[in-house]
Structure formats: C-alpha cells, structure tokens
1. Counting only helical runs of four or more DSSP H residues, what would the 222 nm mean residue ellipticity of the chain come to if each run contributes -39,500 (n - 2.57) and the total is spread over all its residues?
2. Trypsin sites (Lys or Arg not before Pro), restricted to region 8-107: which are DSSP loop and have at most 10 other Cβ atoms within 10 Å?
3. Pairs of alpha-carbon atoms within less than 8 angstrom and 6+ residues apart define the contacts here; what relative contact order does the chain have, in percent?
4. Please order C71, C273 by the number of other Cβ within 10 Å, starting at the fewest.
5. Excluding the sites themselves, what is the longest stretch of the chain that contains no chymotrypsin sites (Phe, Trp or Tyr not before Pro) in a DSSP loop with at most 12 other C-beta atoms within 10 Å?
6. Taking the alpha-carbon centroid of each part, what is the distance from region 54-104 to region 166-183 in angstrom?
7. Can you sort D108, D336 by how many other beta carbons sit within 10 Å, fewest first?
8. Over region 123-280, what is the relative contact order in whole percent, taking alpha-carbon pairs under 8 Å and six or more residues apart?
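Bear in mind that the values in this text are calculations on the coordinates, not laboratory data. Keep in mind the model is a prediction, meaning the values are calculated, not measured. Because the Cβ atoms are built from the backbone with ideal geometry, glycine has one as well, and the counts that use them run over all protein chains shown.
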Amino acid sequence: MREAILAANERKGPDTILFDPQVFQPSQPGIIALAAVLPGIHDSFTTIDGSDAGVIVDGAGLDSPDAAGLCIQSSGNTLRGIRLQRIPGVAIAIGDFEGHGVHENTVDGVTVAGSGYGYSDPNRRGDAIWIMAFCHNCAAARNRILNCRVENGADDGIELWSEGGGVVDNNLVAGNTVVGCAEVGIEIDVHGSGGSASRNVVADNRVEGAHVENNGGIVINSHGGGTVDGNTIVGNTVVDCRDWGIAILTWEPGSSASANVIVENTVERTADCALAVHARDGAVAASNSIYHNNIIENRYCQAMDRGEGTRWDHSGEGNYWSDYAGQDADGDGIGDTPYHIPPNGADNHPLIARHPYERKAIYLPILSKGHI
C-alpha cells in the first residue's frame, strides 16, 4: 500500500489502488499493520478502493503519539471501502495546510474504529475524519464524507474545521453512522478571524452517544471571529448524547452564525438540550431556522434559544415536542398555543404528531481512474 501511494504520487494523472480479494478476502479481511506513517496523497485523482475486498489498516504499531492514518492533500481523490483502526491520531484527513486547496475528494463506505487515543498530552485527542483548511488562503470545498461508520473515537467523529482564516465551504457529510465518540459526533467548527465554514450540508446521518461527558450530537460552532453561515442540517437522527443534541454555538466578539437551517431531524434522549442556539461574549447567532424536527424525551430541556430572530416554524408548521401540553381543538395537526423556548424563542405552530419527511435523492459524480 505504501509503495502504491508513492507510485501514484510520482505519476501525474489518475491512478487506482486496488486489493487482491484472494489475499484480502471479504469474509476474512487482511490486515495491513503500519510500522510507519503512510505517505500523504499529493497527486490528484488517486483512488484507493477496498470495496471488493476485506482491508484493515491497523495503526497500533505506530510509535508517534499523533500519527495520522491517511492524509489527502490534493483534489479529486477517492477513498472507499476500507477499515482503519487504532490510529493514534486522526484517522483520515482531507486537509489544506499550505494554501493550494483540497477540493472534490470523496471518502465513501469507510470504517474508522478506536482512533485518536495515542496523544501523550492528556489534553489532546484525535478526531476520526477531518475536512480542514488550516491557514489563511487555505480552502477545502466540495468534499464528501459518505456512508462511513465511526466507532469509539477519542474526540470528534467527523469534523469540518477552519483554522487561522481557512475556508471550509460547500462540503457534504451524508449517510454516516457515528457511535460512541467522546466529543461531538459531527461538528462544523471555525477558529479564528476571517475563517469560514459555510453552506455545508449534513444529511441523513445517525449519531449515537456514549456514556462520557461532553458527548454531543451535531454542532455548528464559531470561535474567535469566524463565520458559520448557511449550513443545512437535515434528516439526521441523534440519540443518547450527554451534551447538546443539535446546536448552533458562537463564542467571542466577531463570531457569527446566521441563516443556518436545522430541519427534519430527530433528537431523542439527550441529557442536555436537544436543540440549542447560543451566543455569548459579544458573538452573534441570528436568523437561523429550525422546523419540522422531532424532539422526544430529552432529559434536561427540549430547547434553548439565546440567539436573535431564530425562526422555530415555517409556513405555518413548527416542530414536534413530546412534552407539548397544548391542545389542537380544530384537529389541523397544529397546536393552538405556542411552545415556549427559553429565554428568547417560541414555536408558534407546534406539531401534534411526529412527521416523517422525504427528500429528493442526492446524486454525486462517479470518478473514473487508471490503475496501478
């Protein structure tokens, strides 16, 4: 695998790395035990495809405490159908660290298990999968994380991360399952002035919590003057988390989150607030829309609104709240009295029954490659 990646880097143009199913049998996967960090993927249009085989990449033998698994640092690449386990640091990183841009990469049907536990510093832990832009003029756009499974990670499951003014816009995270991560299941996160993580879509994922502190579901998060605008969180299921279910959070002056949409999700049995909009210390969370969600039996509170102009209903329909105590005298399926959301919000048209919603399919391009 190491030699194949190096060969793909050296040869310009499309390349595909496949695995012999006689060696890597689907019913009895072969294990690639890493003795050193794999080279990054620097040449564009490289595919690593284990979907017709059984491939496990094991990082237990790596001696660096923050060693990553696979690092994609170019555009148009595809990683499909393998399992990465016991990687000390981040298991998969789609990252721009130098300002050249990483665009239109796809991670599809990959499993990441037990990642991020190798750091010697007890205050540091590694996420499972990153899409990130890590400097001013860095950009990560139109990348896709699809149909993956993340199990028992040390930190976040899937993170879209802007640092130092980077731009992480127009990415798609869809159809994934995140189980038992110690921090947030899926996070859109900006740190630093000038940074952006906007117009991303998080759709049809399932996040299941673990019995640890600070474990949250799906979070849009802005720190230090960054911007998170126009993101869509749609059709996800979040259950048994110990922190936020789905949240929009802004921190410090200059940070903002506006025009984000949270729609058609189910949040159930969360220990903290199921839905939250929270701005503090001079930050702004304004004009966000939250409707057609099912909010069920959450233990601390169903929702909190510390934003400005949050819309909790749309076109005469709001959200389903399992603890709504109002009536529906005319039988139109809408509660007759608003559902109060402290301290600033109200769902003026709460739904009386849960509503499943169907969306149009998302069609993605299939990339064709040569072979190594």
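1. Rounded to the nearest 500, the figure is -500 deg cm²/dmol.
2. Here the sparse-neighbourhood loop sites are K12.
3. Working: 1295 pairs, mean separation 33.9, N = 372.
The normalised contact order for the chain reaches 9 percent.
4. Lowest count first: C71, C273.
5. Values: sites that count: Y300, Y357, Y363.
My reading of the result: 1-299 is the longest stretch.
6. After rounding, the separation between the Cα centres reads 15 Å.
7. Working: D108 17, D336 13.
Lowest to highest Cβ neighbour count: D336, D108.
8. Value for region 123-280: 18 percent.
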